[in-house]
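The values are calculated or read from the model by the stated rules, or taken from the named source; none is laboratory data. Note that the coordinates shown come from a computational prediction; the quantities given were computed from them, not determined experimentally. Methodologically, a virtual Cβ is constructed for each residue, glycine included, from the backbone with ideal geometry; neighbour enumeration extends over all protein chains shown. Please note that ligands, DNA and RNA were not included when accessible areas were found on the heavy atoms of the full protein model with its side chains. Shrake-Rupley method; radii C 1.70, N 1.55, O 1.52, S 1.80 Å.
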Amino acid sequence: EAGVTQSPTHLIKTRGQQVTLRCSPISGHTSVYWYQQALGLGLQFLLWYDEGEERNRGNFPPRFSGRQFPNYSSELNVNALELEDSALYLCASSLVRTEAFFGQGTRLTVV
Amino acid sequence: AQTVTQSQPEMSVQEAETVTLSCTYDTSESNYYLFWYKQPPSRQMILVIRQEAYKQQNATENRFSVNFQKAAKSFSLKISDSQLGDTAMYFCAQQPFTGNQFYFGTGTSLTVIP
């Protein structure tokens, strides 16, 4: 069974640009979570989607947004990129009341 | 509010020795799940161990075991016979029974010294 897959694995963008990160959850998982992990820091919660709806978002500006599609895959969009957005972006998926399974992450570098 | 605290940013242990990583949490929920995740330098986060709060028995997975103290809201991870492959960042997490959101601690970086 395929795990959580994220694309792309690495990305370099220029300040001010926009980026879209993609996540495919494990088959059957309805919840998708996005986390930002800046170098040497812990996981900062970004967004949680379940059954196509945004259930909660972390303390991030509105230029961080996303959506979940009917097949439960998800996109994370970041507009007007800033240097401090450089981080590893992790996606995870889960069923109800089960552990989260993580993808390999997307390493975003903003220059 | 749900919070998870890991007070040890970095730890080290000699190979084959035992180490304990600390985690405390705050919740108003009576039922919840607790997890320890491991993130090796290759960065894929994987589940180490899981504990249901309504179970009094401490979870064990091979060399990994937990000391779950519900009244104290403490959930420590013990790694026995430490191996070089245990070198990683370890995250403690809590999930309320009533919802699906996960709350993570800030992590403990563990280095196993040969």
Restricted to pairs 8 or more residues apart or on different chains, the lysines in the protein assembly as shown with C-alpha atoms under 26 Å apart form a number of pairs equal to 8
In short, segment B:98-114 residues buried by 10 Å² or more of accessible area relative to the isolated chain (1.4 Å probe) are B:Asn100, B:Gln101, B:Phe102, B:Phe104, B:Thr106
Per the charge dipole of the protein assembly as shown (beta-carbon charges, Lys/Arg positive, Asp/Glu negative, Cα centre), the residue among B:Leu84, A:Phe64, B:Pro41 reaching farthest to the positive end is A:Phe64
Heavy-atom accessible area per residue of chain A, all protein chains kept, 1.4 Å probe, expressed in Å², is 47 Å²
Mean Cβ-within-10 Å packing, highest first, puts peptides B:81-94, A:68-81 in the order B:81-94, A:68-81
Of every hundred units of 1.4 Å-probe accessible area on the protein assembly as shown, the number belonging to carbon and sulfur atoms, as a percent, is 49 percent
Quick calc, segment A:5-110, dipole around Cα centre from Cβ unit charges on Lys, Arg (+) and Asp, Glu (-), nearest 20 debye, gives 180 debye
Per-residue average of other protein chain Cβ atoms inside 10 Å, peptide A:92-99 -> 4
Rounded to 0.05, the calculated FRET efficiency for the beta carbons of B:Asp26 and A:Phe60 at R₀ = 22 Å is 0.45
FRET efficiency (B:Ala16, A:Leu39; Cβ distance; R0 35 Å; to 0.05) is 0.65
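Please give the average number of partner chain Cβ atoms lying within 10 Å of the Cβ of each residue in A:38-44, rounded to a whole number.
4
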